[in-house]
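Step one of this worksheet: look at the structure below.
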Amino acid sequence: MREVYLWILQLVTAVVVFFLLATHMVLMHLKEILNFFHIDIGEPTSWTSMIQRASSGYWLAFYIIFLILVLYHGLYGLRNILIELTPAWSRQVNGLVIALGVVAVVLGIYAPFKLFVS
Amino acid sequence: MSHQELKIVKFRVQRFDPVQDRKPYFGEYPVSSSKGMTVLDGLFYIKENLDSSLSFRTSCRMGICGSCGMLINHFPRLACHTQVEELRTETVEVRSLPNFAIIKDLVPDLMRLFEKHKYIRPYILRSDAQEVETPSGEFSQSPQELDDYLQFSYCIKCGCCLAACPTSATDSAFLGPHALAQTYRYCSDSRDDGTKQRVPLVDSTHGLWRCHFAGACSEACPKGVDPALGIQLLKRKAVLGVVGGKARKPAPLAPPLKEQKPKLPVPELTIKRS
């Protein structure tokens, strides 16, 4: 794949992840702000709240998309740093980063998906 | 006649003879400095009076040939273009340009610069091969079209940009600011039709996208080329080439002149030979 496509994807994931990350941060860590807007979701890290999200198809889709985009964005950046530091090992670095990404995506999808179907 | 104040400045010059030295070392030379004296003048003084074995590149001594690029007080500059007084230090440290191997003393091996430059095909590329082989006239170019690339054509290939570039320091495979800026120089020239050939050359693993816009190249450039700007504009061109954007048609041949001005008669000679 030509580098320009990888770069364009990096820009697109940056923009989309901004909004997805903001949603995640608000949900997980900004309960008081939600209370200000009279939105009471309870304690987001409580068991009931977590199970509620795990059984929702929308949240499943949200987290799978979030995972894939964040992994792409972060691993592309890591790959660039590594190939600059070790220019002679570019192909090996590409392979390693792709392998890491595939493992992380598979594990990251498996867990919420298993919860969703059970 | 005005009295010029003379002051002794210490020149701390990197020395390295690959035949006998294992690594570079510094030689120290006292040089009388006066107003207007350049670092190159100081090096000439050292070579002519103190140590004739000192080696450095020089040619025009007026900031146009690009031969005398050196690391002067930790910054890449042209020695002929840097006055000793402007450095405002008692000691002037002169080293060979970084990011290049050293041939001897202050002489860097610039092949890295030239090979990367050659790689990006730094000449006008046209699809009308017959016109290129046997030109029949000029290509049309307006002053506005000239402005699009003019500043990037001021490059004198001194290597100061590549010496300053932090990515070039860590990644030896990186194309470097000079080659990338010159890619933009040709791609934005209205006479050129080679964007489709050149962009894939720089759109590589160690090409265009390994520039992180540090801007050190533009800071170091002695001719105001601003290679960092050229590289960011090239990135834009590369992205627009993918997401859409009208391809520019190359400049056509300029039409022949419609009227010829009448030639003035040759004046009669005022001194007659017998």
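If we scan the stretch A:4-18, do we find a residue that is over 30 Å from B:PRO200 (Cβ atoms), part of a helix (DSSP H, G or I) and open to solvent by 70 Å² or more (accessible area, probe 1.4 Å)?
Yes, the stretch A:4-18 has at least one match.
With respect to B:LEU125, determine if the residue is without any contact (Cβ under 8 Å) to a residue 24 or more places away in the chain, closer than 25 Å to B:LYS235 by Cβ and not charged (D, E, K, R).
It is false that B:LEU125 is without any contact (Cβ under 8 Å) to a residue 24 or more places away in the chain, closer than 25 Å to B:LYS235 by Cβ and not charged (D, E, K, R).
Can you tell me which residue among A:SER90, A:SER49 is open to solvent by less than 30 Å² (accessible area, probe 1.4 Å), among the small types (Gly, Ala, Ser) and within 14 Å of chain B (Cβ to nearest Cβ)? I'd like the intermediate steps shown before the answer.
Numbers: A:SER49 fails: within 14 Å of chain B (Cβ to nearest Cβ).
On inspection, the qualifying residue turns out to be A:SER90.
So is A:GLU3 more than 14 Å from chain B (Cβ to nearest Cβ) and acidic (Asp, Glu) or not?
No; evaluated as a whole, the condition is false for this residue.
Being surrounded by 18 or more Cβ atoms within 10 Å (Cβ to Cβ) and closer than 23 Å to B:PRO166 by Cα is true for just one of B:MET37, B:MET70, B:MET111. Which residue is that? Working first, answer last.
Working: B:MET37 fails: closer than 23 Å to B:PRO166 by Cα; B:MET111 fails: surrounded by 18 or more Cβ atoms within 10 Å (Cβ to Cβ).
Checking each option against the conditions leaves just B:MET70.
Can you tell me how many residues within the stretch B:134-153 are without any contact (Cβ under 8 Å) to a residue 60 or more places away in the chain, open to solvent by 90 Å² or more (accessible area, probe 1.4 Å) and more than 23 Å from B:HIS117 (Cα to Cα)?
So the first thing to find is which residues in the stretch B:134-153 are without any contact (Cβ under 8 Å) to a residue 60 or more places away in the chain, and the list is B:134-135, B:142-144, B:146-150, B:153.
Narrowing the set further to residues that are open to solvent by 90 Å² or more (accessible area, probe 1.4 Å) leaves B:135, B:143-144, B:147.
Still in the running and more than 23 Å from B:HIS117 (Cα to Cα): B:135, B:143-144.
Summing the residues that are without any contact (Cβ under 8 Å) to a residue 60 or more places away in the chain, open to solvent by 90 Å² or more (accessible area, probe 1.4 Å) and more than 23 Å from B:HIS117 (Cα to Cα) in the stretch B:134-153 gives 3.
For B:PRO222, work out the one condition from (1) out of contact with any strand residue (DSSP E or B) (no Cβ under 8 Å at 6 or more places or on another chain); (2) of a type outside the set (A, V, I, L, M); (3) open to solvent by less than 100 Å² (accessible area, probe 1.4 Å) it doesn't fulfil.
Evaluating B:PRO222 over (1) out of contact with any strand residue (DSSP E or B) (no Cβ under 8 Å at 6 or more places or on another chain); (2) of a type outside the set (A, V, I, L, M); (3) open to solvent by less than 100 Å² (accessible area, probe 1.4 Å) leaves (1) as the failure.
Does B:ASP203 fit the bill of being more than 30 Å from B:GLY137 (Cα to Cα), acidic (Asp, Glu) and within 13 Å of chain A (Cβ to nearest Cβ)?
Considered against the rule, which asks whether it is more than 30 Å from B:GLY137 (Cα to Cα), acidic (Asp, Glu) and within 13 Å of chain A (Cβ to nearest Cβ), B:ASP203 comes out as yes.
Find all pairs meeting these conditions: Cβ atoms under 8 angstrom apart; at least six residues apart or on different chains; first residue within the stretch A:1-14 and small (Gly, Ala, Ser); second residue at pLDDT 95 or above and surrounded by 15 or more Cβ atoms within 10 Å (Cβ to Cβ).
Every condition considered, the pairs that remain are A:ALA14/A:HIS73.
Would the stretch B:183-197 turn up any residue that is at pLDDT 95 or above, within 14 Å of chain A (Cβ to nearest Cβ), surrounded by 19 or more Cβ atoms within 10 Å (Cβ to Cβ) and over 18 Å from B:ARG248 (Cα atoms)?
No, because not a single residue in the stretch B:183-197 is at pLDDT 95 or above, within 14 Å of chain A (Cβ to nearest Cβ), surrounded by 19 or more Cβ atoms within 10 Å (Cβ to Cβ) and over 18 Å from B:ARG248 (Cα atoms).
Output the number of the condition that B:CYS211 fails; it satisfies all remaining conditions of (1) without any contact (Cβ under 8 Å) to a residue 60 or more places away in the chain; (2) open to solvent by 40 Å² or more (accessible area, probe 1.4 Å).
The single condition B:CYS211 does not satisfy is (2).
So, B:GLN83, is that one closer than 23 Å to B:TYR184 by Cα and open to solvent by 30 Å² or more (accessible area, probe 1.4 Å) or not?
On the way: closer than 23 Å to B:TYR184 by Cα: no; open to solvent by 30 Å² or more (accessible area, probe 1.4 Å): yes.
No, not satisfied.
Being in a helix (DSSP H, G or I) and under 20 Å from the mean Cα position of the chain (by Cα) is the filter; apply it to the stretch B:79-105 and report the residue that is farthest from B:CYS68 (Cα to Cα).
Within the stretch B:79-105, the match that is farthest from B:CYS68 (Cα to Cα) is B:HIS81.
Among the residues of the stretch A:19-46, how many are open to solvent by less than 80 Å² (accessible area, probe 1.4 Å) and hydroxyl-bearing (Ser, Thr, Tyr)?
Here the count works out to 2.
Taking the conditions exactly as written (closer than 15 Å to B:VAL107 by Cβ, in contact with an Asp or Glu (Cβ under 9 Å, 6 or more places away or on another chain) and part of a strand (DSSP E or B)), does B:LEU71 satisfy them or not?
When the stated conditions are applied, B:LEU71 passes them.
Return the residue satisfying two criteria in turn: it lies in the stretch B:236-259 and is open to solvent by less than 80 Å² (accessible area, probe 1.4 Å) and within 12 Å of chain A (Cβ to nearest Cβ), and of such residues it is modelled with the lowest pLDDT.
Among those residues, the one meeting the criterion is B:GLY244.
Hey, any hits in the stretch A:61-71 for a residue that's buried (at least 16 other Cβ atoms within 10 Å of the Cβ) and farther than 30 Å from B:VAL239 by Cβ?
So far as the stretch A:61-71 goes, no, none of its residues is buried (at least 16 other Cβ atoms within 10 Å of the Cβ) and farther than 30 Å from B:VAL239 by Cβ.
Say whether the condition of being at pLDDT 95 or above, among the hydrophobic types (A, V, I, L, M, F, W, C) and either surrounded by fewer than 13 Cβ atoms within 10 Å (Cβ to Cβ) or in contact with a Ser or Thr (Cβ under 6 Å, 6 or more places away or on another chain) (or both) is met by at least one residue in the stretch B:42-61.
no
Against the definition (open to solvent by less than 40 Å² (accessible area, probe 1.4 Å) and in contact with a strand residue (DSSP E or B) (Cβ under 6 Å, 6 or more places away or on another chain)), how does B:CYS161 come out, yes or no?
no
If B:PHE26 satisfies all but one of (1) modelled with pLDDT of 95 or more; (2) crowded, with 18+ Cβ neighbours inside 10 Å, what's the number of the condition it fails?
Evaluating B:PHE26 over (1) modelled with pLDDT of 95 or more; (2) crowded, with 18+ Cβ neighbours inside 10 Å leaves (2) as the failure.
The values are calculated or read from the model by the stated rules, or taken from the named source; none is laboratory data. Owing to the predicted nature of the structure, the values given are computational and were not obtained by experimental measurement. When we count neighbours, we look across all protein chains shown, and the Cβ atoms used for this are built from the backbone with ideal geometry, even at glycine. We work out accessible area using only protein heavy atoms, side chains counted, and drop any ligands, DNA or RNA first. Shrake-Rupley method; radii C 1.70, N 1.55, O 1.52, S 1.80 Å.
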